[in-house]
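Readers should treat all values here as calculations from the given coordinates under stated rules, not as data from a laboratory. These figures come from a predicted structure and were not determined experimentally. Note that each Cβ is placed from the backbone with ideal geometry, even for glycine, and that neighbours are counted across all protein chains shown.
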Amino acid sequence: MTSSAAQDAFSIIEGLDQALDQKNIRIVDLTWKVYPGKEERTMEAHHVTFPFTEKLMGEFTMNTHVSTHVESMVHMGLQAGGPDAASIPLETLVGSAVYLEIHNLKAGQMITVDDLPKEPEIRPGDIVIVGTDCHHKERPTFLPEVAQYLVDKGAKVVGLDRWLVVDTPAKTHKPGEIYCHDILLNKDNFVPIIEEFDHLDQLKHKRFFFMGVPIRVDGLDSAPIRAIAFEPAD
């Protein structure tokens with residue numbers, strides 16, 4: 001990088017800092033808050049007190065798919081190869097994002113390409129976040145054609161407000177059938193999946209700047225992230 005390019009980059013960073021100070025940019029926390037002992041999957045926490053003091057140290061045990069989390073290629077099995085959650089390039093998990101909002105879905109409904117809104121347009125390199133505002137126990141599910149569509153559009157990450165990218169239930173599983181995970185988390189495509197967003201309804205804009213990076217633990221198939229949106233305050 002030339003000194004001129006470095007100066008330009010630093011000016012952008014300073015401009016962002018000033019915009020935050022002047023409240024021209026707002027930050028929306030899209031992370032799903034979890035409560036130890038009350039989640040569908042393992043999430044336990046407790047405190048340890050240092051001897052002869054009142055200082056505390058916390059310990060917790062959690063499933064890697066609790067709260068807002070990013071899934072890596074390792075989620076498909078150790079034989080799949082590819083990066084674990086901590087090895088996903090940070091540049092992949094930071095950048096321009098687009099929010100696609102779908103309403104009036106039924107429990108367990110299979111989402112098709114036609115169900116996706118046409119606006120805003122998906123651009124190559126976008127982080128695509130799909131929200132359904134659906135709280136059914138039987139969550140709506142992407143048909144594999146939707147995963148392939150997002151790959152073809154150039155999405156670098158696919159995000160969902162719930163566990164939407166779940167495969168067809170085992171009772172209907174057919175050997176050789178291709179599912180959403182296979183399409184997104186493979187060596188040819190590798191589009192990381194982020195699941196369990198919250199507060200998407202607080203976004204004022206459908207396009208924004210996104211950041212969501214995982215904790216750096218070796219070998220995990222998935223890891224929790226703090227998902228943050230930066231958008232114009234107006």
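Computed values, structure above
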{"read-out": "Amide hydrogen neighbours beyond the local backbone of L100, cut-off 5 Å, H modeled", "value": "I129, V130, G131"}
{"read-out": "Relative contact order [Cα under 8 Å, 6+ residues apart], segment 174-234, whole percent", "value": "26 percent"}
{"read-out": "Likely footprinting exposure, E196, E71, fewest C-beta neighbours within 10 Å first", "value": "E196, E71"}
{"read-out": "Cα-based equivalent ellipsoid of the chain: semi-axis lengths in Å, sorted from largest, via gyration tensor", "value": "28, 26, 19"}
{"read-out": "Label-point separation in nm, S11 to K55, each point 7 Å along Cα→Cβ", "value": "4.7 nm"}
{"read-out": "Alpha carbon centroid spacing (whole Å) that separates segment 176-234 from segment 58-129", "value": "4 Å"}
{"read-out": "Three-way shape call for segment 1-113 based on the alpha-carbon gyration tensor, with the a/c threshold at 1.5", "value": "oblate"}
{"read-out": "Fraction of beta bridges assigned by DSSP in the chain that are antiparallel (%, nearest 5)", "value": "65 percent"}
